[in-house]
Amino acid sequence: MAMIEFARPDGSKAGGWLAMAGQGKPGIVVIQEWWGLNDQIKGVADRFAREGFNALAPDLYKGRVTQKPDEANHLMTGLDFPGATHQDIAGAVNHLRGVSGKVAVMGYCMGGALTVASAVHVPNVAAAVCFYGIPPADFADPAKIRIPFQGHFANKDDWCTPAAADALEKTMKGAGQKPEIHRYDANHGFCNERSEMNYHVAAANTAWERMMAFLGKM
């Protein structure tokens, strides 16, 4: 478990937190929330490694981390989302493919939106698990997703709203897909154990169990 550098498709380098379970184990790219690649996200990657996955969390903010919502919003709005998708995340997928079997992507909040984008745009992704984040349709149309997709959404979410989750499900089903969508009576960020305001133990545990079952079919 350590910070590494990996190659982006354009030939430049990106950084990320790598937690290995072993050669040939399935891979998972863990995409950060708007706070950055903090200890909580590194802990998610470590947890995946304990579950038998090779996990890589790319550092999309290049070392910047915050606990302040205003600064997090500034960092997120300043992020090059196409670059993060087509370069950082695609590079992370390619890196894991060198040590893993199939590779999935997952993420929370901003990372959830980038998970949808990765499911649309990044080659060689075997499955995607999105937690309470949806990108603008003009950047990543969920109707174009052609891989197994699982989504986890909060009924008390005023950012990634229940209406937005309903629209995503309707769009995917209208395109002939069969997304597995779960909803929880919880707030946005209910899986983040560092958030006293939003963490919901029962919902987070159920969501993790559902994700493990889903990824086990990959």
Within 10 Å, count the other beta carbons around each residue, average over each peptide in 177-190, 82-95, 203-216, and list them highest first.
-> 82-95, 177-190, 203-216
Which of the peptides 133-139, 15-21 is most tightly packed, and how do the rest follow, going by the mean number of other Cβ atoms within 10 Å of each residue?
-> 15-21, 133-139
Added length on full extension, which subtracts the Cα-Cα distance from 0.36 nm per residue, Asn155 to Arg97 = 17.3 nm
Give me Ser100, Ser12 ranked fewest to most by other Cβ atoms within 10 Å of their Cβ, as a rough exposure proxy.
-> Ser12, Ser100
Computed from these coordinates, which is Rg/Rh (Cα atoms, Kirkwood Rh): [x] 1.05; [y] 0.95; [z] 0.93?
-> [z]
Subtract the Cα-Cα distance of Arg183 and Asp39 from 0.36 nm times their separation in residues, and report this length gain in nm to one decimal.
-> 49.2 nm
Could you sort out which of Lys42/Lys173; Lys42/Lys144; Lys25/Lys62; Lys178/Lys217 sit more than 25 Å apart by Cα distance in this structure?
-> Lys42/Lys173; Lys42/Lys144; Lys25/Lys62
In region 8-30, which residues have a backbone nitrogen under 19 Å from the label point lying 7 Å from Lys62's Cα in the Cα-to-Cβ direction?
-> 8-17
Find how many whole Å separate the alpha carbon centroid of region 117-144 from the alpha carbon centroid of region 1-66.
-> 18
Separation between the Met218 and Ala167 pseudo-spin-labels, each 7 Å from Cα along Cα→Cβ, expressed in nm?
-> 2.9
Once amide hydrogens are built 1.01 Å from N within the peptide plane, the residues lying 5 or more places from Tyr61 or on another chain with amide H under 5 Å from its amide H are Leu37
Take Asn124, project a point 7 Å from its Cα along the Cβ direction, then tell me which residues of region 39-61 have their backbone nitrogen under 19 Å from it.
-> 53-59
Region 46-141: which trypsin sites (Lys or Arg not before Pro) are DSSP loop and have at most 16 other beta-carbon atoms within 10 angstrom?
-> Lys62, Arg64, Lys102
Starting from the Cα gyration tensor of region 44-156, take the square roots of the eigenvalues, sort them a ≥ b ≥ c, and report rounded, prolate or oblate (rounded when a/c is under 1.5, otherwise prolate if a/b is larger than b/c, else oblate).
-> rounded
List every residue whose amide H lies under 5 Å from the amide H of Trp34, counting only residues 5 or more places away in sequence or on a different chain, with H placed 1.01 Å from N in the peptide plane.
-> Met110, Gly111
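No lab work stands behind these numbers, since they all come straight from the coordinates. Quantities reported herein were computed from a predicted structural model and do not represent experimental measurements. With ideal geometry, Cβ positions are generated from the backbone for all residues, glycine too; neighbour counts draw on all protein chains shown.
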